[in-house]
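A.B. asks: Structure provided below as structure tokens; questions to follow.
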Amino acid sequence: MSVSVVLGAQWGDEGKGKLVDILAADADICARCAGGNNAGHTIVVPIGPEKVSTHFAFHLLPSGLVNPNCTGVIGNGVVVHLPSFFEELDALQAQGLDCTGRLFVSDRAHLVFDFHQIVDGLKEVELGGKSIGTTKRGIGPAYSGKASRSGLRVHHLFDHENFAIKFRKVVEGRFKRYGHFEYDTEGEIVRYKALAERLRPYVIDSVTYIHQGPRRRANALMLDLDFGTYPYVTSSATAVGGVCTGLGIPPKKIGTVIGVMKAYTTRVGGGPFPTEQLNDIGVHLQEVGREFGVTTGRRRRCGWLDLVVMKHSCLINGYDSLNLTKLDILDDLEEIKVAVKYIVDGKEIEGFPADLELLAKVEVVYVVLPGWKAPITSATSYDALPENCKKYVVFIEQFLGVPIEWIGVGPGRQSMLKKEANKLA
């Protein structure tokens with residue numbers, strides 16, 4: 001078995017789904033190892049004999065399912081909201097994507113309930129003006145329950161009497177912590193009895209299953225609980241090590257690690273963003289780049305590419321190559337800035353700082369590169385790109401010391417250029 005890892009190298013929303021879709025064409029399994037239905041990927045592929053471009057929105061399910069020969073696995077490290085699972089599955093199948101017999105859920109995955117979503121909002125209210133900006137999907141509270149050993153897992157659903165006892169106890173604990181918010185505990189127990197029966201055909205021992213062939217998986221580094229901009233992070237391990245804990249895969253089975261990065265930087269919610277552009281450039285990136293969340297519809301914050309963040313990401317994850325996405329969004333710019341170092345009190349900071357107060361004070365040093373002022377969406381090869389465009393790619397490669405293997409120049413599957421990655425340009 002050889003595992004290929006697709007990892008978001010920034011704050012998420014880098015366009016990982018498209019690369020996963022392409023790579024999954026040659027993979028037996030596409031697996032998720034962390035997060036929940038707070039994720040979002042849009043895959044644009046031709047469907048049917050007329051090859052009509054169809055947009056598939058993925059939130060919880062692995063996006064590799066677009067490929068009919070690929071099986072999707074939701075691993076033990078993911079937290080699952082069952083109503084959303086079936087809502088997403090029904091929507092995909094209504095669009096003509098048949099997932100019958102090729103979608104599975106780990107029996108060790110923890111469950112997200114509606115009370116987790118209520119608690120998510122209550123926790124944000126407690127923070128007042130220091131809101132983290134979660135998606136209110138209950139992901140953080142579900143992981144908190146997992147860490148405090150009070151969570152409920154998929155396998156608990158199939159012993160209904162014990163499930164009901166455990167469920168009531170967990171809800172009562174939340175009432176004691178947050179007050180008696182409106183919630184129909186007994187109604188939920190009845191609803192989950194029906195959901196459990198519908199889920200039963202999808203449940204597997206994922207540890208055994210995941211060791212049967214090649215796989216792909218995806219996540220994002222700067223939202224990692226340890227290595228991201230804590231506390232403005234998600235609640236799971238999103239670095240490359242999360243593959244091992246979230247899927248039950250030994251480190252020596254990991255083959256290729258591909259980092260996905262935008263040609264600029266975006267993030268959602270609160271937290272520091274040194275290269276954010278609250279000006280016409282930021283508006284351009286947001287509007288032209290269609291920077292709105294697939295899951296929430298929220299506008300993403302936008303700024304110049306930050307290679308200090310990317311260097312941090314490369315050190316932790318050891319990428320074999322990179323996928324540079326949305327390069328076409330920069331087509332109309334006269335010049336393009338790239339962040340290469342942080343300065344505080346006249347001195348360069350080594351690495352990416354853990355202290356957010358220090359990060360808020362940094363002076364960003366940019367290198368200014370010329371734009372190419374030409375559309376690149378129709379390009380079919382790396383060599384067909386404008387010279388200044390290729391210079392931008394080469395600058396990133398040489399600064400990071402990691403080759404760029406894939407380049408996204410448009411939203412469709414066909415708009416991903418393959419570039420020789422065995423040596424730096």
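A.B. asks: Rounded, prolate or oblate: pick one for region 133-285, where a ≥ b ≥ c are the square roots of the eigenvalues of its C-alpha gyration tensor, a/c under 1.5 means rounded, and failing that, prolate if a/b is larger than b/c, else oblate.
C.D. replies: Because a/c hits 1.5 or more and a/b fails to exceed b/c, region 133-285 counts as oblate.
A.B. asks: Turning to a different aspect of this structure: How long is the gain from residue 288 to residue 377 if the chain were fully straight, where each residue apart is worth 0.36 nm and the alpha carbon distance is subtracted?
C.D. replies: Stretched fully, the residue 288-residue 377 segment lengthens by 30.7 nm.
A.B. asks: When the solvent-accessible surface of protein heavy atoms is calculated with a 1.4 angstrom probe, in what order do 283, 344 fall, highest first?
C.D. replies: Sorted by accessible area, descending: 283, 344.
A.B. asks: Of the listed values (1) 25.6, 86; (2) 32.2, 100; (3) 21.7, 67, identify the label whose number matches Rg and Dmax of the Cα atoms in Å calculated from this model.
C.D. replies: This structure yields the entry labelled (3).
A.B. asks: Follow-up. Pop the C-beta distance of residue 357 and residue 150 into the FRET formula with R0 = 45 Å and round what comes out to the nearest 0.05.
C.D. replies: It comes out at approximately 0.85.
A.B. asks: What does the helix-only formula give at 222 nm for the chain: each DSSP H stretch with n ≥ 4 adding -39500 (n - 2.57), the total divided by the residues, and the result rounded to the nearest 500 deg cm²/dmol?
C.D. replies: Calculated at 222 nm, the ellipticity per residue is -9000 deg cm²/dmol.
A.B. asks: Quick one: which residues, 5 or more positions from residue 37 or on another chain, have an amide H under 5 Å from its amide H? H modelled 1.01 Å from N in the peptide plane, none for Pro or chain starts.
C.D. replies: 81
A.B. asks: Which helices pass in the chain if a helix is a full DSSP H run, must span at least 30 angstrom along its long axis by Cα, and must have mean Kyte-Doolittle hydropathy not below 0.5?
C.D. replies: none
A.B. asks: Another question, then. Considering only Cα-Cα distances, which of the following residue pairs are longer than 31 Å: 253/311; 18/373; 337/418; 361/419; 16/391; 176/361?
C.D. replies: 361/419; 176/361
A.B. asks: In debye, nearest 20, what is the charge dipole magnitude of the chain about its Cα centre with +1 on Lys and Arg Cβ and -1 on Asp and Glu Cβ, if you could check?
C.D. replies: 800
A.B. asks: Need one word for region 56-119: rounded, prolate or oblate. Basis is the Cα gyration tensor (sqrt eigenvalues a ≥ b ≥ c); a/c below 1.5 gives rounded, then a/b vs b/c decides.
C.D. replies: Taking the square roots of the gyration eigenvalues as a ≥ b ≥ c, region 56-119 is oblate.
A.B. asks: Determine the gain in length on full extension of the stretch residue 414-residue 122; use 0.36 nm per residue of separation and subtract their C-alpha separation, reporting nm with one decimal.
C.D. replies: Between residue 414 and residue 122, full extension yields 100.7 nm more.
A.B. asks: Take every DSSP beta bridge whose two residues both sit in the chain, then give the antiparallel share in percent to the nearest 5.
C.D. replies: 45
A.B. asks: Oh, and also: Hey, rough spin-label estimate for residue 194 and residue 108, points 7 angstrom out along Cα→Cβ, what's it come to in nanometres?
C.D. replies: For residue 194 paired with residue 108, the spin-label model returns 3.2 nm.
A.B. asks: Suppose R0 equals 41 Å. What FRET efficiency, 1/(1 + (r/R0)^6) with r the Cβ-Cβ distance, do residue 205 and residue 315 give to the nearest 0.05?
C.D. replies: Working from the Cβ atoms, E equals 0.75.
A.B. asks: Can you work out the PRE-style zone for residue 25? Point 7 Å along Cα to Cβ, and I want the residues of region 61-86 with backbone N under 17 Å.
C.D. replies: Counting backbone N atoms under 17 Å from the label point, the list is 63-71.
A.B. asks: Ignoring ligands, DNA and RNA, how do 262, 136, 169 rank by accessible area with a 1.4 Å probe, largest first?
C.D. replies: Sorted by accessible area, descending: 169, 136, 262.
A.B. asks: Go through 316, 210 and list them by solvent-accessible area, largest first, probe radius 1.4 Å.
C.D. replies: Output order, biggest surface exposure first: 316, 210.
A.B. asks: Please give the per residue accessible area of the chain, computed with a probe of 1.4 Å over protein heavy atoms only, in Å².
C.D. replies: The answer is 42 Å² per residue.
A.B. asks: Now for a separate question. If you count, for each residue, the other Cβ atoms within 10 Å and average over each peptide, how do 175-182, 232-239, 384-391 line up from highest to lowest?
C.D. replies: The most tightly packed comes first, giving 232-239, 384-391, 175-182.
The values are calculated or read from the model by the stated rules, or taken from the named source; none is laboratory data. From a predicted model like this one, the values you see are computed outputs, not experimental measurements. We place every Cβ from the backbone using ideal geometry, glycine too, and count neighbours over all the protein chains shown. Quick note on the areas: whole protein, heavy atoms, side chains included, nothing else; ligands and nucleic acids left out. Shrake-Rupley method; radii C 1.70, N 1.55, O 1.52, S 1.80 Å.
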